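Worksheet: one structure, shown below.
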Amino acid sequence: MSISSRFSQAIATLKEKMRSCDLCPIQCKVNRHQTVGRCKVGDLARLMSVVLHFGEEPPISGESGAGTIFFSGCNLRCIYCQNMNFSQLAKGIEITQEDLAEIFLDLQNHGAKTLNLVSPTPHILSIVEALAIAKEKGLSLPVVYNTSGYESVETLRLLDGIVDVYLADLKYADDETGYLYSGVKDYYTVTTKALIEMHRQVGALREDSEPLKGLIVRHLVLPNNVAGTEKVLDFVFHSLSPSVPISLMSQYNPLFGARSDPLISRKVSKEEYEKAIEKVIQLGMNGWIQTDEKKRVTAKPVPSTYKIIDLMKSKT
Ligand code: SF4
């Protein structure tokens, strides 16, 4: 199938799905052209900020930064979400597909290494339409789908051949924990199926692939082993592929509802994070860890702080 017919077919199906929205596993079944569902996003994309982001994993940010768009609205309800204002409260500005395409091209003109779409799920139709427009005008950046992992396999199949890199979370190792901390009853069941589909489409990320292509799994270590880190790593290594890079994150910060939770009201201790690293070492996984200490692992450290150039601000 040619790339243009790939886009046309995806756009037609996504438009149909928006009339009784089942773009994501929440399946609100609302007409997105008239109202909003759990994600609070209507028929236009809504975004919070556009930045060159230097703190993503090295293949995503490179030397020149990841051209990053933070979209508003989310289908999860993580009680510790660090982006609460624009994820769950959905603050941001609505934007047409034509303007979104111009932003993609603007990021490319600023030297971005990738097009990093953060929380893209409810905006998929606008994103695919904008990509079609921008590609006609010369967009060539690898498209990074930066997601919580809680995705519908049916919708992901529409992105086959459109998304180059999946940068996906696996937050927990069972459904019960997902319900307690992210407000969906089937997080692990749904996300593991979604990861298998992502891997089927693009394989494990290879840093030397040209153009950049593949899957990276992110995992945020939580206090008191709430995230079930060892089981998560076992799933990635044994059930996806030993080649899939893991990005093991240590920067958990107890915010909002987490402050009064008996298990996750504190940061992750050094010992807890080191235990997670030991598991990465034991499995011989590839990927990135966040530590200042030199460790003999194939995983490489990534910066734990963001250096951000705000393109929206620089225009005003
Ligand atoms: S994308 Fe939004 S409206 Fe559609 S099913 Fe998911 S949460 Fe509901």
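The values are calculated or read from the model by the stated rules, or taken from the named source; none is laboratory data. Keep in mind it's a predicted model, so treat the numbers as computed, not measured. In this analysis, Cβ positions are derived from the backbone assuming ideal geometry, glycine residues included, and neighbour counts consider all displayed protein chains.
A few notes on this one:
- When we screen 118, 143 for residues that are closer than 19 Å to residue 203 by Cα, at pLDDT 95 or above and among the aliphatic types (A, V, I, L, M), the only hit is 143.
- Residue within region 18-31 that is surrounded by fewer than 23 Cβ atoms within 10 Å (Cβ to Cβ), away from the ligand (no atom under 16 Å from the Cβ) and outside any helix (DSSP H, G or I) present: no
- Whichever residue in region 63-107 is part of a helix (DSSP H, G or I), within 18 Å of the chain's Cα centre (by Cα) and among the hydrophobic types (A, V, I, L, M, F, W, C) and, among such residues, is modelled with the highest pLDDT: 104
- Reported count of residues in region 179-211, each being in a helix (DSSP H, G or I) and touching a residue at least 12 places away in the same chain (Cβ under 8 Å), is 17.
- Within region 32-60, restricting attention to residues that are more than 14 Å from residue 123 (Cα to Cα), away from the ligand (no atom under 13 Å from the Cβ) and part of a loop (DSSP other than H, G, I, E, B), the residue that is farthest from the chain's Cα centre (by Cα) is 54.
- Those residues of region 83-136 which are surrounded by fewer than 20 Cβ atoms within 10 Å (Cβ to Cβ), more than 30 Å from residue 251 (Cα to Cα) and of a type in the set (D, E, K, R), in sequence order: 94, 98, 99, 102, 106, 135, 136
- Residue in region 168-189 that is in contact with a strand residue (DSSP E or B) (Cβ under 6 Å, 6 or more places away or on another chain), closer than 28 Å to residue 102 by Cβ and buried (at least 19 other Cβ atoms within 10 Å of the Cβ) present: yes
- Region 73-120, residues that are of a type in the set (Gly, Ala, Ser), free of Cβ contacts under 8 Å to residues at least 40 places away in the same chain and within 16 Å of the ligand (Cβ to nearest atom): 87
- Of everything listed in (1) more than 12 Å from the ligand (Cβ to nearest atom); (2) closer than 30 Å to residue 180 by Cβ; (3) at pLDDT 95 or above; (4) among the hydrophobic types (A, V, I, L, M, F, W, C), the single unmet condition for residue 12 is (2).
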